[in-house]
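Below is one structure, written out as structure tokens; the observations come after it.
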Amino acid sequence: GRWGPADPGGHLGLLIVEGVLLREVRLLGTSSAEVLGEGDVVRPWDVDGAHALPVPADLHWSVLVPCEVAILGPQFLRRPGRWPEVLARLAGRCVSRAQALALHDALTNLKHVETRLLVQFWHLAERFGRVGPTGLSIQLPLTHEMLGKLVGATRPSVTTALGRLAARELLVRENGSTWRLSHDSGEALAPLPVEADTQLVA
């Protein structure tokens, strides 16, 4: 659903100051999700594809870690002209999110669910992880269903893939909300050598 100011006109958006949100887009019985955290700018009053798709898209927000947001409203927009670096940083955050969505799109096209999960957790670890002696610790209460929406797979497929990764000690759920990603899991993602294309073009 939508949330935010009663009248969002003139608002740049909401800046996540702390906490973690899961943003889910539901379309024709399928779902896709992204994880948002500190520094991300969101506009929850906007609807994906509202003016381009023949069918409506439904939005659903979940709070993974309690959040605090700053309202970037008209008063805010009248001030940063004196500090252009503030607007530059905000623009950078918006571009970073667009790049993350492009990565997400590529991730969901990877062949194996285990690979998708490892790439997704490395991406999450970059923002939310902590380095430990046995790997990277990521404290996020992600269910198998949520992970399926993040990597474009069904919940049973995610459950099976997580079992295989845990058996290899590459990705282990240590309790209800903490995941441990081993340092060796990066080597499991090493791409296979690609044969050079020797075909000549006339």
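Using modelled backbone amide H atoms (1.01 Å from N, in-plane), which distant-in-sequence or interchain residues come within less than 5 Å of residue 38's amide H?
19
From largest accessible area down, sort 69, 95; use a 1.4 Å probe on the protein chains. Could you put the intermediate results ahead of the total?
Values: 69 60, 95 80 Å².
Ranking 69, 95 by accessible area, largest first, yields 95, 69.
Quick check: at a probe of 1.4 Å, how many percent of the accessible area of region 111-190 sits on carbon and sulfur atoms?
On the way: 2080 of 4170 Å².
Heavy-atom surface of region 111-190 belonging to carbon and sulfur, 1.4 Å probe: 50 percent.
With +1 on each Lys and Arg Cβ and -1 on each Asp and Glu Cβ, and nothing else charged, work out how big the dipole of the chain is about its Cα centre, in Debye to the nearest 20. Numbers along the way, then the final one.
On the way: 20 positive and 21 negative charges, 76 e Å.
Using Cβ point charges on Lys, Arg, Asp and Glu, the chain gives about 360 debye.
Excluding residue 57 itself, calculate the net charge of residues whose Cβ lies under 11 Å from the Cβ of residue 57, where each Lys or Arg counts +1 and each Asp or Glu counts -1.
Values: positive: 26; negative: 24, 46, 48, 58.
Every neighbour counted, the sum reads -3.
Net charge within 12 Å of residue 43 by Cβ-Cβ distance, Lys/Arg positive one each and Asp/Glu negative one each, not counting residue 43 itself? Display every interim value, and only then the final one.
Numbers: positive: 2, 23, 97; negative: 40, 46, 48.
That works out to 0.
Find which of 102, 22, 88 sits farthest along the positive direction of the dipole of the chain, computed with +1 on the beta-carbon of Lys and Arg, -1 on that of Asp and Glu, about the Cα centre.
After comparing all options, I get 88.
Here are labelled values, (1) 18.1; (2) 16.7; (3) 10.6, and one is the computed mean projected area of the Cα convex hull in nm² for what I pasted. Which one?
It is the value labelled (2).
Accessible area per residue for the chain in Å², computed with a 1.4 Å probe and the full protein assembly in place, what is it? Before the final figure, lay out each step's value.
Working: 12420 Å² over 202 residues.
Per residue, the chain has 61 Å² of solvent-accessible surface.
Once amide H atoms are placed 1.01 Å from N in the peptide plane, what residues at a sequence separation of 5 or more from residue 11, or on another chain, have their amide H within under 5 Å of its amide H?
Answer set, sorted by chain and number: none.
Relative contact order of the chain, please, whole-number percent, based on alpha carbon pairs below 8 angstrom and at least 6 residues apart.
Details: 282 pairs, mean separation 35.7, N = 202.
Worked out over the chain, it gives 18 percent.
Where Lys and Arg each count +1 and Asp and Glu each count -1, what net charge lies around residue 144 among other residues with Cβ under 14 Å from its Cβ? Don't skip to the end; give the middle numbers.
On the way: positive: 116, 149, 155, 164, 173; negative: 114, 145.
Its environment carries a net charge of +3.
Please go through region 1-63 and write out the trypsin sites (Lys or Arg not before Pro) that DSSP classes as loop and that have at most 12 other C-beta atoms within 10 Å.
On the way: sites: 2, 23, 26; in loops: 2.
Listed in order of number, the matching sites are 2.
Given a 1.4 angstrom probe, I'd like the percentage of the accessible area of region 43-108 that is carbon and sulfur, rounded to a whole number. Working shown, then result.
Details: 2730 of 4540 Å².
Exposed carbon and sulfur together represent 60 percent of the surface.
The values are calculated or read from the model by the stated rules, or taken from the named source; none is laboratory data. As the structure is a computational prediction, the values presented were derived from the model and not from experiment. Here Cβ is always computed from backbone atoms with ideal geometry, including for glycine, and neighbour counts include all displayed protein chains. Each accessible area value is taken on the protein alone, full model and side chains, heavy atoms only, with ligands, DNA and RNA left out. Shrake-Rupley method; radii C 1.70, N 1.55, O 1.52, S 1.80 Å.
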